[in-house]
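The values are calculated or read from the model by the stated rules, or taken from the named source; none is laboratory data. Model, not experiment: these values are computed from the prediction. With ideal geometry, Cβ positions are generated from the backbone for all residues, glycine too; neighbour counts draw on all protein chains shown. Heavy atoms of the whole protein, side chains included, go into the accessibility calculation; ligands, DNA and RNA do not. Shrake-Rupley method; radii C 1.70, N 1.55, O 1.52, S 1.80 Å.
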Amino acid sequence: MKIILLGAPGAGKGTQARKIMELLSIPQVSTGDMLREAKAKGTALGLEAGRSMAKGELVPDAVVVGIVSERLKAPDMAKGFILDGFPRTLAQAKALHEMGVAIDLVLNIVVDADEIVERLTGRLTCGKCGAMYHRTFMVPKKEGTCDSCGGGLVQRADDNEATVRNRLEVYKQQTMPLVEYYGRFGSVKEVNGTGKTPEAVFNAVKGLLGS
Ligand code: AP5
Ligand code: MG
Ligand code: ZN
(Lines give C-alpha, C1' and ligand atoms only; values in the text may rest on other atoms or scores of the structure.)
(Ligands and ions follow the chains in the order given, each with its own letter.)
Protein backbone atom coordinates (compact mmCIF):
# COMPACT_ATOMS: atom_id res chain seq x y z
CA MET A 1 0.00 0.00 0.00
CA LYS A 2 1.29 3.45 -0.96
CA ILE A 3 0.10 6.12 1.45
CA ILE A 4 0.56 9.90 1.65
CA LEU A 5 0.10 11.58 5.03
CA LEU A 6 -1.07 15.15 4.62
CA GLY A 7 -1.56 17.49 7.54
CA ALA A 8 -0.24 20.70 9.03
CA PRO A 9 2.99 20.78 11.04
CA GLY A 10 2.25 19.04 14.33
CA ALA A 11 -0.93 17.35 13.09
CA GLY A 12 0.61 14.01 14.08
CA LYS A 13 1.94 12.74 10.75
CA GLY A 14 5.11 11.30 12.30
CA THR A 15 3.24 9.79 15.26
CA GLN A 16 0.69 8.06 13.03
CA ALA A 17 3.29 7.06 10.41
CA ARG A 18 5.20 5.09 13.06
CA LYS A 19 2.01 3.24 14.06
CA ILE A 20 1.05 2.47 10.44
CA MET A 21 4.60 1.30 9.76
CA GLU A 22 4.28 -1.25 12.56
CA LEU A 23 0.78 -2.33 11.51
CA LEU A 24 1.48 -2.81 7.80
CA SER A 25 5.25 -3.46 7.92
CA ILE A 26 5.98 -0.80 5.34
CA PRO A 27 8.62 1.93 5.74
CA GLN A 28 8.03 5.57 6.62
CA VAL A 29 9.63 8.10 4.30
CA SER A 30 9.88 11.40 6.18
CA THR A 31 11.52 14.16 4.18
CA GLY A 32 11.83 16.23 7.37
CA ASP A 33 13.80 13.42 9.08
CA MET A 34 15.97 12.92 5.99
CA LEU A 35 16.78 16.63 5.78
CA ARG A 36 17.57 16.82 9.52
CA GLU A 37 19.86 13.80 9.11
CA ALA A 38 21.67 15.51 6.20
CA LYS A 39 22.06 18.62 8.34
CA ALA A 40 23.44 16.62 11.28
CA LYS A 41 25.99 15.00 8.93
CA GLY A 42 27.02 18.49 7.81
CA THR A 43 26.66 17.84 4.06
CA ALA A 44 26.40 20.95 1.84
CA LEU A 45 22.81 20.01 1.00
CA GLY A 46 21.99 19.50 4.67
CA LEU A 47 23.42 22.81 5.80
CA GLU A 48 21.59 24.66 3.01
CA ALA A 49 18.31 22.87 3.89
CA GLY A 50 18.87 23.62 7.58
CA ARG A 51 18.72 27.36 6.86
CA SER A 52 15.25 27.07 5.25
CA MET A 53 14.02 24.74 7.99
CA ALA A 54 15.12 27.06 10.80
CA LYS A 55 12.96 29.80 9.29
CA GLY A 56 10.03 27.46 8.73
CA GLU A 57 10.33 27.87 4.96
CA LEU A 58 10.23 24.99 2.51
CA VAL A 59 13.40 23.51 1.07
CA PRO A 60 13.50 23.91 -2.77
CA ASP A 61 11.39 21.36 -4.68
CA ALA A 62 14.33 20.09 -6.75
CA VAL A 63 16.30 19.16 -3.61
CA VAL A 64 13.43 17.28 -1.97
CA VAL A 65 12.31 15.56 -5.19
CA GLY A 66 15.90 14.39 -5.71
CA ILE A 67 16.09 12.86 -2.21
CA VAL A 68 12.69 11.14 -2.49
CA SER A 69 13.22 9.73 -5.96
CA GLU A 70 16.50 8.13 -4.78
CA ARG A 71 14.86 6.72 -1.62
CA LEU A 72 11.95 5.21 -3.58
CA LYS A 73 14.36 3.13 -5.66
CA ALA A 74 15.46 1.10 -2.60
CA PRO A 75 14.32 -2.55 -2.45
CA ASP A 76 12.42 -2.08 0.84
CA MET A 77 9.94 0.19 -0.97
CA ALA A 78 8.55 -2.63 -3.11
CA LYS A 79 5.69 -3.56 -0.73
CA GLY A 80 4.60 0.04 -0.27
CA PHE A 81 5.47 3.02 1.92
CA ILE A 82 4.15 5.94 3.94
CA LEU A 83 5.14 9.36 2.65
CA ASP A 84 5.30 11.73 5.65
CA GLY A 85 5.80 15.37 4.72
CA PHE A 86 6.06 14.79 0.98
CA PRO A 87 4.66 16.02 -1.35
CA ARG A 88 4.25 19.50 0.10
CA THR A 89 3.75 21.57 -3.04
CA LEU A 90 1.86 21.00 -6.29
CA ALA A 91 5.20 20.77 -8.12
CA GLN A 92 6.27 17.94 -5.78
CA ALA A 93 2.94 16.11 -6.30
CA LYS A 94 3.39 16.36 -10.05
CA ALA A 95 7.00 15.13 -9.80
CA LEU A 96 5.79 12.11 -7.76
CA HIS A 97 3.21 11.36 -10.44
CA GLU A 98 5.91 11.61 -13.11
CA MET A 99 8.00 9.05 -11.20
CA GLY A 100 5.17 6.64 -12.01
CA VAL A 101 4.10 6.21 -8.37
CA ALA A 102 0.42 5.30 -8.01
CA ILE A 103 -0.87 6.37 -4.59
CA ASP A 104 -3.56 4.20 -2.97
CA LEU A 105 -4.60 6.49 -0.14
CA VAL A 106 -4.09 10.10 0.97
CA LEU A 107 -4.80 10.59 4.67
CA ASN A 108 -5.37 14.19 5.69
CA ILE A 109 -5.04 14.69 9.46
CA VAL A 110 -6.84 17.88 10.49
CA VAL A 111 -6.03 19.66 13.79
CA ASP A 112 -6.91 23.19 15.04
CA ALA A 113 -4.11 25.79 14.86
CA ASP A 114 -4.14 26.50 18.63
CA GLU A 115 -3.71 22.84 19.48
CA ILE A 116 -0.87 22.62 16.96
CA VAL A 117 1.09 25.42 18.59
CA GLU A 118 0.67 23.70 21.97
CA ARG A 119 1.78 20.35 20.56
CA LEU A 120 4.87 21.66 18.78
CA THR A 121 6.20 23.99 21.45
CA GLY A 122 6.01 21.04 23.90
CA ARG A 123 7.37 18.34 21.59
CA LEU A 124 10.47 16.39 22.53
CA THR A 125 12.18 14.12 20.01
CA CYS A 126 14.61 11.28 20.69
CA GLY A 127 17.96 12.25 19.16
CA LYS A 128 18.79 8.57 18.65
CA CYS A 129 15.66 6.77 17.33
CA GLY A 130 13.34 9.69 16.44
CA ALA A 131 10.51 8.68 18.80
CA MET A 132 8.19 11.58 19.71
CA TYR A 133 7.16 12.75 23.16
CA HIS A 134 5.40 15.77 24.57
CA ARG A 135 6.03 17.67 27.80
CA THR A 136 2.32 17.34 28.74
CA PHE A 137 0.58 14.92 26.35
CA MET A 138 3.17 12.15 26.01
CA VAL A 139 5.49 12.34 28.98
CA PRO A 140 8.48 9.94 28.92
CA LYS A 141 8.80 7.60 31.93
CA LYS A 142 12.15 9.14 32.84
CA GLU A 143 12.59 12.86 32.24
CA GLY A 144 14.72 13.68 29.20
CA THR A 145 15.14 10.00 28.24
CA CYS A 146 13.56 7.95 25.46
CA ASP A 147 11.37 5.06 26.74
CA SER A 148 12.24 2.79 23.84
CA CYS A 149 15.99 3.29 23.31
CA GLY A 150 17.30 5.31 26.27
CA GLY A 151 18.48 8.13 23.96
CA GLY A 152 18.41 11.78 25.04
CA LEU A 153 15.33 13.89 24.21
CA VAL A 154 15.81 17.18 22.41
CA GLN A 155 13.63 20.06 21.23
CA ARG A 156 13.64 20.61 17.47
CA ALA A 157 15.18 23.94 16.36
CA ASP A 158 11.98 24.89 14.47
CA ASP A 159 9.62 24.18 17.38
CA ASN A 160 9.48 27.72 18.80
CA GLU A 161 6.26 29.71 18.55
CA ALA A 162 7.40 32.24 15.88
CA THR A 163 8.71 29.53 13.53
CA VAL A 164 5.65 27.34 14.15
CA ARG A 165 3.34 30.23 13.13
CA ASN A 166 5.35 30.67 9.92
CA ARG A 167 5.26 26.92 9.22
CA LEU A 168 1.46 27.03 9.57
CA GLU A 169 1.25 29.93 7.12
CA VAL A 170 3.53 28.16 4.62
CA TYR A 171 1.35 25.04 4.99
CA LYS A 172 -1.80 27.04 4.24
CA GLN A 173 -0.30 28.69 1.16
CA GLN A 174 1.70 25.85 -0.38
CA THR A 175 0.47 22.49 0.93
CA MET A 176 -3.28 22.87 1.48
CA PRO A 177 -3.91 23.04 -2.30
CA LEU A 178 -2.85 19.36 -2.38
CA VAL A 179 -6.07 18.35 -0.59
CA GLU A 180 -8.01 19.59 -3.58
CA TYR A 181 -5.45 18.19 -6.04
CA TYR A 182 -5.71 14.64 -4.65
CA GLY A 183 -9.43 15.13 -4.03
CA ARG A 184 -9.89 15.22 -7.80
CA PHE A 185 -8.57 11.65 -7.97
CA GLY A 186 -10.95 10.64 -5.17
CA SER A 187 -8.13 9.35 -2.97
CA VAL A 188 -8.31 11.73 0.05
CA LYS A 189 -9.72 10.58 3.41
CA GLU A 190 -9.95 13.03 6.26
CA VAL A 191 -9.15 12.19 9.88
CA ASN A 192 -10.11 14.62 12.64
CA GLY A 193 -7.23 14.83 15.12
CA THR A 194 -8.33 17.79 17.27
CA GLY A 195 -8.71 16.88 20.94
CA LYS A 196 -8.06 13.20 20.28
CA THR A 197 -5.37 10.99 21.73
CA PRO A 198 -2.84 9.44 19.33
CA GLU A 199 -4.56 6.06 19.93
CA ALA A 200 -8.01 7.46 19.07
CA VAL A 201 -6.63 8.99 15.88
CA PHE A 202 -4.96 5.68 15.03
CA ASN A 203 -8.27 3.82 15.48
CA ALA A 204 -9.83 6.13 12.89
CA VAL A 205 -6.81 5.62 10.61
CA LYS A 206 -7.10 1.84 10.92
CA GLY A 207 -10.74 2.05 9.90
CA LEU A 208 -9.74 3.93 6.74
CA LEU A 209 -6.96 1.42 6.00
CA GLY A 210 -9.53 -1.35 6.26
CA SER A 211 -7.58 -3.16 8.98
P1 AP5 B 1 8.74 18.05 8.96
O2 AP5 B 1 9.76 17.37 9.76
O3 AP5 B 1 7.95 17.26 7.99
O4 AP5 B 1 7.79 18.85 9.93
P5 AP5 B 1 6.27 19.31 9.86
O6 AP5 B 1 5.52 19.05 8.63
O7 AP5 B 1 6.34 20.72 10.29
O8 AP5 B 1 5.57 18.38 10.81
P9 AP5 B 1 6.05 17.91 12.19
O10 AP5 B 1 7.07 16.83 12.03
O11 AP5 B 1 6.44 19.12 12.99
O12 AP5 B 1 4.72 17.37 12.82
P13 AP5 B 1 3.99 15.96 12.67
O14 AP5 B 1 2.76 16.15 11.88
O15 AP5 B 1 4.94 14.90 12.22
O16 AP5 B 1 3.56 15.74 14.16
P17 AP5 B 1 4.16 14.77 15.29
O18 AP5 B 1 3.65 13.39 15.09
O19 AP5 B 1 5.62 14.97 15.47
O20 AP5 B 1 9.42 19.25 8.14
C21 AP5 B 1 10.28 20.15 8.78
C22 AP5 B 1 10.86 21.12 7.77
O23 AP5 B 1 11.60 20.41 6.78
C24 AP5 B 1 9.85 21.95 6.96
O25 AP5 B 1 9.44 23.10 7.65
C26 AP5 B 1 10.65 22.26 5.69
O27 AP5 B 1 11.56 23.31 5.92
C28 AP5 B 1 11.44 20.97 5.48
N29 AP5 B 1 10.73 20.00 4.62
C30 AP5 B 1 10.29 18.75 4.98
N31 AP5 B 1 9.67 18.15 3.95
C32 AP5 B 1 9.71 19.03 2.92
C33 AP5 B 1 9.23 18.99 1.58
N34 AP5 B 1 8.55 17.92 1.12
N35 AP5 B 1 9.43 20.08 0.80
C36 AP5 B 1 10.10 21.15 1.25
N37 AP5 B 1 10.58 21.25 2.51
C38 AP5 B 1 10.40 20.21 3.33
O39 AP5 B 1 3.41 15.37 16.58
C40 AP5 B 1 3.73 16.66 17.08
C41 AP5 B 1 3.71 16.65 18.63
O42 AP5 B 1 2.39 16.41 19.08
C43 AP5 B 1 4.56 15.55 19.29
O44 AP5 B 1 5.06 16.04 20.50
C45 AP5 B 1 3.58 14.43 19.56
O46 AP5 B 1 3.96 13.66 20.68
C47 AP5 B 1 2.30 15.20 19.85
N48 AP5 B 1 1.09 14.53 19.38
C49 AP5 B 1 0.93 13.80 18.23
N50 AP5 B 1 -0.34 13.36 18.13
C51 AP5 B 1 -1.00 13.84 19.24
C52 AP5 B 1 -2.35 13.75 19.72
N53 AP5 B 1 -3.28 13.07 19.03
N54 AP5 B 1 -2.65 14.37 20.88
C55 AP5 B 1 -1.71 15.06 21.58
N56 AP5 B 1 -0.44 15.18 21.17
C57 AP5 B 1 -0.08 14.59 20.03
MG1 MG C 1 6.97 14.87 11.56
ZN1 ZN D 1 14.74 6.68 21.23
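Points to keep in mind about this one:
- 5 angstrom amide H check on residue 81, placed H, neighbours 5+ away: 2, 3
- The amide H of residue 108, built 1.01 Å from its N in the peptide plane, has 6, 189, 190, 191 as neighbours under 5 Å, considering only residues 5 or more places off or on other chains.
- Whole-Hz couplings from phi, Karplus 6.51/-1.76/1.60, listed for region 55-71; x for Gly and Pro: 8, x, 8, 7, 7, x, 3, 4, 5, 5, 4, x, 5, 5, 5, 5, 4
- Computed from label points 7 Å out along Cα-Cβ, the spacing between residue 91 and residue 77 is 2.0 nm.
- Nearest-10 value in Å² for the accessible area of residue 104, using the 1.4 Å probe: 90
- GNM flexibility winner over the chain from 85, 186, 100 (Cα, springs under 10 Å): 100
- Residue 41 - accessible surface, heavy atoms, 1.4 Å probe, Å² rounded to 10: 150
- Rough spin-label spacing in nm, given labels placed 7 Å along Cα→Cβ, for residue 121 and residue 22: 3.0
- Candidates 188, 68, 101: whichever shows maximal mean-square fluctuation once the chain is modelled as a Gaussian network with Cα springs under 10 Å: 101
- For region 182-198 versus region 2-69, the spacing of their alpha-carbon centroids is 19 Å.
- Cα-based shape type of the chain, given that a ≥ b ≥ c are square roots of the gyration tensor eigenvalues and the cut on a/c is 1.5: rounded
- Surface analysis of the chain yields an accessible area of 50 Å² per residue, using protein heavy atoms and a 1.4 Å probe.
- Build a GNM of the chain with springs between Cα atoms under 10 Å apart, and of 184, 88, 18 the one that fluctuates most is 184.
- Fully extending the segment from residue 128 to residue 156 would add 8.8 nm, taking 0.36 nm per residue of separation and subtracting the current Cα-Cα distance.
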